[in-house]
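To start, the structure itself, in structure tokens.
The values are calculated or read from the model by the stated rules, or taken from the named source; none is laboratory data. Note that the coordinates shown come from a computational prediction; the quantities given were computed from them, not determined experimentally. Here Cβ is always computed from backbone atoms with ideal geometry, including for glycine, and neighbour counts include all displayed protein chains.
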Amino acid sequence: MRTTALVKRICLEMFRDKRTLALLFVAPLLILSLMYLLFNGDTVKPKVGVVNVEQGLIEKFEDAGFYISKYQELNDAKDTVVKEELDGLLQQDKANHFTLTLLNDDPSIAKQLQMKVNQILTTYTQTVFTNQVQQINLQKVNIETAYVYGSHDTVFFDVLSPILIGFFVFFFVFLISGIGLLKERTTGTLERLMSTPIRRGEIVSAYLIGFGMFAVIQTVIVVFYAINVLDIVLVGSLWNVILINLLLALVALSLGILLSTFAATEFQMVQFIPIAIIPQIFFSGILPLEGMAGWLQWVAKVMPLYYAADALKGVMYMGLGLGDITFDLAALVLFAFIFIILNIFALKRYRKL
Amino acid sequence: MSVSIEIENISKSFGKKQVLNGVQLAISEGKLYGLIGPSGAGKTTLVKMIVGMDKSNSGFIKVLNKQMPNLEVLKDIGYMAQSDALYSSLTGKENLTFFASLYKLNKAEMQKRISYTASLVNLTNELNKKVSAYSGGMKRRLSLAIALIHNPKILILDEPTVGIDPELKIGIWNELLRLKKEGKTIIVTTHVMDEAERCDFIAMVRDGQILTSGTPDELKQLYHAKTFDEVFLNAGRLEA
């Protein structure tokens, strides 16, 4: 009953605080939409200058979606690239010898351009060669690609979005629950609570339930928005996605409340973000873990977001069922359990009983 | 007359700093007891220990014959801290209701106590306003009302009159005297010497020790002083 009173009060305070509500429910949707638009933008056509390149080849380039500008003899290729705002400049020095000057202000664009130019040059010279030597019948190589997960339409955002959903749930729940209990500490109301016959466990469970309810609503909104409005790939079951996120929210809740014990002000709570939140993003699977040093991979294993991201990616992108993600779910439950126990002990600072 | 609070040889240190050193006090039922001393003397620490929020390094505290900390006894203690400790986004009534439900008062009792304590501190007409719109004095009064909401036998007020205007100060003191008549045991901490006169018993606290204690008249006689400032100074000199 004391827990109920506390839960009621938390809800009442939440409803009075429209801005926090907006942060909890609208902000994740806003950022998710923004990311969606950013990652699903059309690829920009590269601008390539050509010098002394034969017409047939230029046509091939144009077919591949390049903007081609022709130039006469040049003295300084690099200078031209910069002045003409080109992504690359292709010069034919002699037969079968080309020089490609890349702007390389963005390595990924440059690499892509280089690859495409190489590809086109190879196929072009091959066709020219086969045309010249008709009698030798060169077999054209065809590659068919099959995908285990996803399809040829798969974009990076499809893999990223499950992680993002998990991250937003984690981040906002962490922040709001942490600051919620912190406010109670700084205004002295926690002390006052401790002068009533309430038990420490009752306070912790009230916070878990009170903020948990908002976390549930947030999770459901974010998941439904991502899947129905943004049309993010969901191969597996929607209920599994919600289950994973709820467990993650529970971890975030208990971690937020726990860390708020070690913060004296709201600002100090925000200081935990680079320590407790940002590293989790790195280890959540946005960057490939396989390439990391062995001990770094172990670091990933103590991060709740790693398990949640793994499970979310498994369900949403690979279509795994509940049985395949049991380990991840168990890890999340374990995290939440540890944090909750620690919370009850942390409140001992306020009353020994 | 029974003893409602028994403080037995309490010592407490935070790290190297000794905050309380062998404090010994017995507080009788139905008396208004003043803990008087400068800021940093250890009054708040002592009061927190009585409520059970802090643990002593040695010695023990018994409240209503039960050793603290004890959750059951907390039902009989009303505690008002130095800070107002209110939920500012809630109304006065919501604050009172919340704390009343922590003491598990039933609906009818709750209604009765809320209207009673609100009228006691003169906030009946402001109960539906948000606390954030309250003035400093109103917050103090609401804080007092919360400490009284469950009709506790013991009332512990940590600096209840700091930073409020003289009129309200007199109001609060009159209220305390009235509550005393109801048979409540009241402990008030203050660093304002002129409030000492109104207490039944006084304990002067300095550097974590009780310098002296007794009724106001006893103390004045003992230290040949006219005012409590003098009592405090003389007692301090004697100690040194």
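Checking each residue in the range A:311-353 for being outside any helix (DSSP H, G or I) and within 21 Å of the chain's Cα centre (by Cα) picks out A:Y317, A:M318, A:G319, A:L320.
The number of residues in the range B:49-61 that are crowded, with 18+ Cβ neighbours inside 10 Å, more than 7 Å from chain A (Cβ to nearest Cβ) and within 20 Å of B:V3 (Cβ to Cβ) comes to 4.
When B:L105, B:L96 are screened for being crowded, with 23+ Cβ neighbours inside 10 Å, touching a residue at least 40 places away in the same chain (Cβ under 8 Å) and either touching a helix residue (DSSP H, G or I) at 6+ places or on another chain (Cβ under 9 Å) or assigned to a helix (DSSP H, G or I) (or both), only B:L96 passes. Based on this model, can you work out whether B:S132 counts as within 12 Å of another protein chain (Cβ to nearest Cβ), surrounded by fewer than 18 Cβ atoms within 10 Å (Cβ to Cβ), more than 17 Å from the chain's Cα centre (by Cα) and of a type in the set (G, A, S)? For B:S132, the condition - within 12 Å of another protein chain (Cβ to nearest Cβ), surrounded by fewer than 18 Cβ atoms within 10 Å (Cβ to Cβ), more than 17 Å from the chain's Cα centre (by Cα) and of a type in the set (G, A, S) - is met.
Being within 16 Å of A:P197 (Cβ to Cβ) and at pLDDT below 85 is a property that B:L74 has.
Hand me the list of helices (runs of 4 or more DSSP H) wholly inside the range A:216-296 holding 1 or more residues that are more than 18 Å from the chain's Cα centre (by Cα). Once the helices (runs of 4 or more DSSP H) in the range A:216-296 are filtered for at least 1 residues that are more than 18 Å from the chain's Cα centre (by Cα), what remains is A:238-260, A:266-270. Among the residues of the range B:184-204, is any under 23 Å from B:I114 (Cα atoms) and surrounded by fewer than 19 Cβ atoms within 10 Å (Cβ to Cβ)? The answer is no, given that none of the residues of the range B:184-204 is under 23 Å from B:I114 (Cα atoms) and surrounded by fewer than 19 Cβ atoms within 10 Å (Cβ to Cβ). May I ask you to verify whether B:K220 is basic (K, R), part of a helix (DSSP H, G or I) and either touching a residue at least 40 places away in the same chain (Cβ under 8 Å) or at negative phi (or both)? Yes: the conditions hold for B:K220.
Select the helices (runs of 4 or more DSSP H) contained entirely in the range A:1-47, then report the ones holding at least 3 residues which are within 14 Å of chain B (Cβ to nearest Cβ) and touching a residue at least 12 places away in the same chain (Cβ under 8 Å). Let's see the steps before the verdict.
Details: elements: A:2-16, A:18-25, A:27-39.
Here the list reads A:2-16.
Select from the range A:185-235 the residues that are under 19 Å from B:P69 (Cβ atoms), surrounded by fewer than 17 Cβ atoms within 10 Å (Cβ to Cβ) and β-branched (V, I, T) and list them in ascending order. Passing the criteria: none in range. Among residues of the range A:308-330 being of a type in the set (A, V, I, L, M) and more than 14 Å from A:L243 (Cβ to Cβ), the one that is modelled with the highest pLDDT is A:A309. Flag: B:L46 does not match the condition of being at positive phi and surrounded by 15 or more Cβ atoms within 10 Å (Cβ to Cβ).
Taking the range B:220-235 as the range and being under 21 Å from the mean Cα position of the chain (by Cα) and of a type in the set (A, V, I, L, M) as the test, no residue passes.
Among the residues of the range B:75-82, none qualifies, meaning not one is in a helix (DSSP H, G or I) and in contact (Cβ under 8 Å) with a residue 12 or more places away in the chain.
Counting just the residues of the range A:145-191 that are among the small types (G, A, S) and farther than 18 Å from A:L258 by Cα, which one comes out farthest from the chain's Cα centre (by Cα)? Result: A:A146.
Taking the stated definitions as given, is A:L305 at pLDDT 85 or above and surrounded by 14 or more Cβ atoms within 10 Å (Cβ to Cβ)?
Working: at pLDDT 85 or above: yes; surrounded by 14 or more Cβ atoms within 10 Å (Cβ to Cβ): yes.
Yes: the conditions hold for A:L305.
Selection within the range A:173-221: residues that are at pLDDT 85 or above and closer than 27 Å to A:N40 by Cα. The member of this set that is farthest from the other protein chains (Cβ to nearest Cβ) is A:V220.
The single condition among (1) surrounded by fewer than 17 Cβ atoms within 10 Å (Cβ to Cβ); (2) within 11 Å of chain A (Cβ to nearest Cβ); (3) on the phi > 0 side of the Ramachandran plot that B:N65 does not meet is (2). As a summary of the residue check, B:K12 satisfies the conditions (1) surrounded by fewer than 21 Cβ atoms within 10 Å (Cβ to Cβ); (2) in a strand (DSSP E or B) except for the one numbered (1).
If the condition is being within 15 Å of A:L190 (Cα to Cα) and facing chain A (nearest Cβ under 7 Å), then the range B:75-85 contributes B:Y79, B:A81, B:S83, B:A85.
Sort out which residues of the range B:135-150 are within 14 Å of another protein chain (Cβ to nearest Cβ) and outside any loop (DSSP other than H, G, I, E, B), and write them in order of number.
Step one: list which residues in the range B:135-150 are within 14 Å of another protein chain (Cβ to nearest Cβ), which gives B:139-140, B:142-150.
Hits for the range B:135-150 are B:K139, B:R140, B:L142, B:S143, B:L144, B:A145, B:I146, B:A147, B:L148.
If I filter the range A:311-349 down to residues being of a type in the set (D, E, K, R) and over 20 Å from A:A300 (Cα atoms), which single residue comes out as surrounded by the most Cβ atoms within 10 Å (Cβ to Cβ)? Top of the filtered list is A:R349.
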